[in-house]
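Reading through the structure tokens given below for one structure.
Derivation of every value follows stated rules applied to the coordinates shown; laboratory data play no part. Being a predicted model, the structure only gives us computed values, none of them experimental. FYI the Cβ positions are ideal-geometry reconstructions off the backbone, even for glycines, and counts take in every protein chain you see.
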């Protein structure tokens, strides 16, 4: 719809010889900036009051991206292994506004340059559609993140609207004859395609790809059908639909932040009633924004003055967002207003205290680049090596900090381009992502005679290919036990060639992300009780339940231990991380956070496990 409307305006102004870049962008600013400014300011105020520092930092980054219309690039660059769910990003939806505005920076210039040879405009539009759509199809299965967020792979959707605008203006008679003949069929087909898109497209589909044709062609068919087509006349022309059309832009801006903040505050306990309330509230706020913000500014006088004022305000918002993002939640008077009103429970104990350096052993340095992290204690050559994925990465600083003079550590692990260092050698497709880094890790360890003992820490979900980041409840019904056992055995057998002890550290309990578990200081009291209610109980688990849920994983490690009981041992840190007196494993211990991000140990938690593990390796 946007591509059709804006391209129509551009074509008509070029035909009338009244086109002006400044005039075009002035009208865009008066249309877009007022409501956007309201949303960005409200989101920051709400975020400052209810979000934890790490959450506010993420929101601030998106405020900056939204203010400069680069939200799609912000989302593209932050997407990754540890990236939080889309539900927890109140301004994620601004990616589409970013792509649209990037298109309208380029498209007026393209049309203006092509205007001297009007005959090529249609060719330019069709060629651009084909190229953009082809890039989308080529990329969607190899890098769906790029296909979704990068503008040149989404421009084709707007360009189809531009092509319709061209046909209705420059090929008016042919288009009118076609529309008159097939108007009703086009409108029904458009409605059917739109319904099909709603019913058929799921989050598991490679989108945009071919699937994006459904909503795009649906919109194109409805536009081309014209106002007298049955669907357009009897449904879309109703006063209620027209009213929703008028408030559509502020409604687009309001609906997602409200749903996202509800998700942040209520977690998995967002009920249909809460969702319904947020949707009704979004409609009400959209109308208020349209009536009292957008309309007075958009249709008011003093165009130039309002343009400069709106641009200045948006620039200030962008600077505040950037500065708040760079603050990283730290103190810094007189800038306290940029800090979150929420306070996270302390979990930092100094990391590795600056005692590490790059490189994870004296030999085969060409392998170092294979791993996301290859580092070692710089105070002495390491006697012990820690292998593993992000779980090992989280543990390592505490391990270094609590190590003794005769027991320094190296780390080979993390989640790099070549995949996580998971202890699996297998030809199974599900484990393909681990193979290059796993083999390189084995080579690295075997090439370093200084490593006296090998310790392995890896996520349960990686070994069994589980999908849920926040729970291992599906482990009991998981069917990958046999292939996982074979893969871990193969990996371990290769390490045993060095004749050195191999120690497996049992994975820690899995919870919600800490930010979903810590209580928030909220006002009024009723909201505080509602949000910080019983659902926080899910942030702890009975030790007996944890042992039951992880039984298959523990059984696997026991079978691996039996390969060579003299050299292989298993360390269980349940007593270290949990409270045996109460019988629970919790998010906190002694008033401090045990976990840092998702189910990875915090710096404090790493210190607890580090003490236990350092004592264990001396005995085994």
Per-peptide average of other Cβ atoms within 10 Å, ordering 91-103, 423-435 highest first: 91-103, 423-435
To the nearest Å, what is the center-to-center distance of the stretch 29-66 and the stretch 210-272, using C-alpha atoms only? 23 Å
Considering only DSSP beta bridges with both partners in the chain, what is the antiparallel share in %, to the nearest 5? 50 percent
For Cα pairs less than 8 Å apart in space and 6+ apart in sequence, what is the mean separation divided by the residue count of the chain, i.e. the relative contact order in percent? 14 percent
Contact order relative to length for the stretch 52-202, counting C-alpha pairs under 8 Å separated by 6 or more residues, stands in percent at 20 percent
Enter the mean projected area of the convex hull around the alpha-carbon atoms of the stretch 370-501, in nm², rounded to one decimal. 8.2 nm²
For the stretch 34-165, the Debye formula with one identical point scatterer on each Cα and no solvent gives log10 I(q)/I(0) at q = 0.10, 0.15, 0.20, 0.21 Å⁻¹ as -0.41, -0.79, -1.12, -1.18
If we sort 566-573, 390-397, 319-326 on the protection proxy, mean other Cβ atoms within 10 Å, highest first, what's the order? 390-397, 319-326, 566-573
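Starting from the Cα-Cα distance between residue 248 and residue 78, subtract it from 0.36 nm times their residue separation and give me the gain in nm to one decimal. Walk me through the numbers before you get to the answer.
Values: separation 170, 0.36 × 170 = 61.20 nm, distance 2.83 nm.
Additional length available on full extension: 58.4 nm.
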Using mean Cβ contacts within 10 Å as the protection proxy, how do 49-61, 267-279 order, highest first? 49-61, 267-279
For residue 590 and residue 618, what does the FRET efficiency come to when R0 = 30 Å and r is the distance between their Cβ atoms, rounded to the nearest 0.05? 0.75
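Computed FRET efficiency, Cβ-Cβ of residue 270 and residue 293, R0 25 Å: what is it to the nearest 0.05?
Details: r = 28 Å, r/R0 = 1.13.
Approximately 0.35, to the nearest 0.05.
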Could you tell me the distance between the Cα centroids of the stretch 558-618 and the stretch 400-458, to the nearest Å? 19 Å
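Would you mind computing Rg(Cα) / (2.2 N^0.38 Å) for the stretch 141-246, counting N as its residues? Please report the intermediate quantities before stating the final value.
Values: Rg = 15.5 Å, N = 106, 2.2 N^0.38 = 12.9 Å.
With N residues counted in the stretch 141-246, Rg over 2.2 N^0.38 Å equals 1.20.
For the stretch 115-258, what does the relative contact order come out to in percent, with C-alpha contacts under 8 Å and a separation of six or more? Walk me through the intermediate numbers first.
On the way: 124 pairs, mean separation 32.9, N = 144.
For the stretch 115-258, the relative contact order is 23 percent.
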For residue 581 and residue 279, calculate 0.36 nm times their separation in residues minus their Cα-Cα distance, and state this gained length in nm to one decimal. 104.2 nm
Would you mind classifying the stretch 168-310 by shape? Square roots of the alpha carbon gyration tensor eigenvalues, ordered a ≥ b ≥ c; an a/c under 1.5 is rounded, otherwise it is prolate if a/b is larger than b/c and oblate if not. oblate
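Largest first and in whole Å, give the semi-axes of the stretch 535-594's equivalent ellipsoid, each being the square root of 5 times a Cα gyration tensor eigenvalue. Don't skip to the end; give the middle numbers.
Details: eigenvalues 154, 35, 14 Å².
Output for the stretch 535-594: semi-axes of 28, 13, 8 Å.
What do you get when you divide the Cα radius of gyration of the stretch 285-325 by 2.2 N^0.38 Å, with N the number of residues? Present the calculation step by step, with values, prior to reporting the outcome.
Numbers: Rg = 12.8 Å, N = 41, 2.2 N^0.38 = 9.0 Å.
My calculation over the Cα atoms of the stretch 285-325 gives 1.42.
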Could you work out how much longer the chain between residue 241 and residue 467 gets when fully extended? Use 0.36 nm per residue separation minus the Cα distance between them, nm to one decimal. 77.3 nm
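Direction-averaged shadow area of the convex hull around the Cα atoms of the stretch 91-193, nm²? Working shown, then result.
On the way: hull surface 32.9 nm².
Mean shadow area of the hull around the Cα atoms is 8.2 nm².
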I need two numbers for the chain: Rg to one decimal and Dmax as a whole number, Cα atoms only, in Å. 28.9, 89
In whole angstrom, and with the biggest value first, how far do the Cα coordinates of the stretch 170-231 range along each principal axis? 43, 25, 13
